[in-house]
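Participant: Structure in structure tokens, see below.
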2 protein chains.
Amino acid sequence: MAHISIISSGNMGQAIAGLAAKGGNTVELVNSSQADKAVTGDIVVLAVPYPSVAAVVAQRGAQLAGKVVVDITNPLNFETFDSLTVASDGSATTEIAAALPESRVVKAFNTNFAGTLAAGTVGGLPTTVLIAGDDADAKALLAGVVSSAGLRAVDAGGLKRARELEAIGFLQISLAAGEKISWTGGLAVAQ
Amino acid sequence: MAHISIISSGNMGQAIAGLAAKGGNTVELVNSSQADKAVTGDIVVLAVPYPSVAAVVAQRGAQLAGKVVVDITNPLNFETFDSLTVASDGSATTEIAAALPESRVVKAFNTNFAGTLAAGTVGGLPTTVLIAGDDADAKALLAGVVSSAGLRAVDAGGLKRARELEAIGFLQISLAAGEKISWTGGLAVAQ
């Protein structure tokens, strides 16, 4: 059981809120426009698009100290669908971790389409949430939330692996945008 | 039906040879030590580890002109499993394409473990081969080989997407090496 705040106004935030509630965790869903509402969760999910993260971090940096902060972003160039907008040897997550040095930042959920988080399965396999970060306890706490809802959590390695998770998210979105896969499908993980 | 040469001495080459033969294509398996044996395939698969590719290209560059050349490598640092060894904004495939300007270079098979190519399934889903390249006809020819064996081929985009395919291959290998997934499992694609 964990107490989770989700800052969002979109379908990913709703799907993650549904997943957390299904697992018996307490959930606080904060609209990203409610800048004056403090978050109370031990885990705070930044379920906003990448271009909106900087504003959330600027508004709430002090509130997020000590908390597990979950970055779910896919920092694509959504005009061209042909590149990521972060440094080629970095990731959105390493940027966020640098901006929030007192938080325990992890990457998760960016390789899952919202529909597969809500369904709990993708292609007949349990939806697998890949989690990267340098804080093992933070990853374990989030993995517990994912598992409590019947989905699988896999530790994808340290914070550096966020770069590969963003490459996976990018490719998956480009395949769906190009109608090679559907938005209810995508990458599954067979164990 | 295609005529395929596979330069290899390992399990990936054998798995790709098996797949191509199963689909009714003609297959020539050339050991990577047989440098004096010319390849005759319309498609030539470089099924050697990344550090061996440069020697194959140096030996056979002229032979490969006009052919579809398939790069399957995952250019990992296999001592640390913590990084790729190619430029952060490039890929092994773009390097090979630059070295073989008269060939039609595509990336494929690097996101598939050998066992899943042999089985034709992963986690109960058809094994999906992601193919990236700038030559649509080359990709279609290779996709036909994959489909003929009952596996799925998905066009993952232009040659630039080889970078994301290598990130996927890297992450998948690191998960298997860390015993988070098995070498007979891995990433599946749900449509």
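Participant: For peptide B:114-127, how many partner chain Cβ atoms fall within 10 Å of a residue's Cβ, on average?
Facilitator: For this peptide, the per-residue mean of nearby foreign Cβ atoms is 2.
Participant: Could you tell me which trypsin sites (Lys or Arg not before Pro) in segment A:91-191 are loop residues by DSSP with no more than 13 other beta carbons within 10 angstrom of their beta carbon?
Facilitator: Passing sites in segment A:91-191 do not exist.
Participant: Now, a different point. Could you order B:M12, A:M1 by accessible surface area, starting with the largest, using a probe radius of 1.4 Å?
Facilitator: A:M1, B:M12
Participant: Estimate for me the total accessible surface buried between chains B and A (protein heavy atoms, probe 1.4 Å, no ligands or nucleic acids), in Å² to the nearest 100.
Facilitator: Summed over both sides, the interface buries about 2700 Å².
Participant: Determine the shape class of segment A:58-191: with a ≥ b ≥ c the square roots of the Cα gyration tensor eigenvalues, call it rounded for a/c under 1.5, and otherwise prolate if a/b is greater than b/c, oblate otherwise.
Facilitator: Oblate shape, in that a/c is at least 1.5 and b/c is the bigger or equal ratio.
Participant: Here's a follow-up. At q = 0.07, 0.11, 0.13, 0.14 Å⁻¹, what is the log10 ratio I(q)/I(0) for the protein assembly as shown, with the Debye formula run over Cα points and no solvent?
Facilitator: Results for the protein assembly as shown at q = 0.07, 0.11, 0.13, 0.14 Å⁻¹ read -0.32, -0.74, -0.98, -1.11.
Participant: Now for a separate question. Using a Gaussian network for chain B with springs between C-alpha atoms less than 10 Å apart, which of these wobbles most: B:A87, B:A99, B:A21?
Facilitator: With Cα springs under 10 Å in chain B, the top fluctuation among B:A87, B:A99, B:A21 is at B:A87.
Participant: Per the 1.4 Å probe, what fraction of the accessible area of the protein assembly as shown, in percent, lies on carbon and sulfur atoms?
Facilitator: Answer for the protein assembly as shown is 52 percent, counting heavy atoms of protein chains only.
Participant: May I ask you to evaluate 6.51 cos²θ - 1.76 cosθ + 1.60, the Karplus curve with θ = phi - 60°, for each residue of segment B:123-140 and list the ³J(HN,Hα) values in order in whole Hz, giving x for glycine and proline?
Facilitator: x, x, 9, x, 4, 10, 9, 8, 10, 10, x, 8, 9, 4, 5, 4, 5, 5
Participant: Check each of the trypsin sites (Lys or Arg not before Pro) in segment A:10-73 and keep only those in coil by DSSP with at most 15 other C-beta atoms within 10 angstrom; list them in order.
Facilitator: In loop regions of segment A:10-73 (DSSP not H, G, I, E or B), the sparsely surrounded trypsin sites (Lys or Arg not before Pro) are A:K37.
Participant: What lysines could a cross-link reach from A:K22, if we take a straight Cα to Cα line under 27 Å and drop same-chain neighbours fewer than 8 places away?
Facilitator: Within reach: A:K37, A:K67, A:K107, A:K139, B:K180.
Participant: Quick one: Karplus J couplings for segment A:167-181, per residue in order, coefficients 6.51, -1.76, 1.60, θ = phi - 60°, nearest Hz, x for Gly and Pro?
Facilitator: For segment A:167-181, the Karplus curve yields 5, 5, x, 4, 4, 4, 5, 5, 5, 5, 4, x, 6, 7, 9 Hz.
Participant: In segment A:56-89, which residues give up 30 Å² or more of accessible area once the other protein chains are added, compared with their chain alone (1.4 Å probe)?
Facilitator: Residues shielded by partner chains are A:D82, A:S88.
Participant: May I ask you to rank A:S52, A:S174 by accessible area, largest first, using a 1.4 Å probe over the protein chains only?
Facilitator: So the residues, ranked largest to smallest area, are A:S52, A:S174.
Participant: Hey, another quick one. Return the tail of the calculated pair distribution for segment B:90-154, meaning the percent of Cα-Cα pairs more than 15 Å apart.
Facilitator: I get 52 percent for the Cα pairs in segment B:90-154 exceeding 15 Å.
Participant: Please give the per residue accessible area of segment B:19-128, computed with a probe of 1.4 Å over protein heavy atoms only, in Å².
Facilitator: Normalised by residue count, the accessible surface of segment B:19-128 is 40 Å².
Participant: In a GNM of chain A with a 10 Å cut-off on Cα contacts, which of A:T121, A:T80, A:T111 has the highest mean-square fluctuation?
Facilitator: A:T80
Participant: Could you pull out every residue, at least 5 positions away or on a different chain, whose amide H is within less than 5 Å of the one on B:R104? Hs are placed 1.01 Å off N in the peptide plane, and Pro or chain starts have none.
Facilitator: Residues meeting the amide H criterion: B:G66, B:K67, B:V68, B:V69.
Participant: Another one. So what are the ³J(HN,Hα) numbers for segment B:182-191, from phi and the Karplus equation (6.51, -1.76, 1.60; θ = phi - 60°), rounded to whole Hz, Gly and Pro as x?
Facilitator: These are the phi-based 3J(HN,Hα) values: 9, 6, 9, x, x, 7, 10, 10, 8, 9 Hz.
Participant: Let me ask you something else. Taking all protein chains together and a probe of 1.4 Å, list A:L19, A:L29 from the most accessible to the least accessible.
Facilitator: A:L29, A:L19
Participant: Separate question: Which whole-number percent is the relative contact order of segment A:17-82 (Cα, under 8 Å, 6+ apart)?
Facilitator: 31
Participant: Name the residues whose placed amide hydrogens come within less than 5 Å of the amide hydrogen of A:I6, ignoring near sequence neighbours (fewer than 5 apart) on the same chain.
Facilitator: Counting only residues 5 or more places away or on other chains, the set is A:E28, A:L29, A:V30, A:V45.
Participant: Got the relative contact order for segment A:3-177 handy, in percent, Cα pairs under 8 Å and 6 or more residues apart?
Facilitator: 22
Participant: Now a separate question. Out of residues 5 or more away from A:G157 or on other chains, whose amide H comes under 5 Å of its own, with H placed 1.01 Å from N in the peptide plane?
Facilitator: Answer set, sorted by chain and number: A:G133.
The values are calculated or read from the model by the stated rules, or taken from the named source; none is laboratory data. Because the structure is a prediction, the values reported are computed rather than measured. A quick note on method: Cβ atoms are made from the backbone with ideal geometry, for glycine too, and the neighbour counts reach across all protein chains shown. Surface accessibility is based on the protein's heavy atoms, side chains included, excluding ligands, DNA and RNA. Shrake-Rupley method; radii C 1.70, N 1.55, O 1.52, S 1.80 Å.
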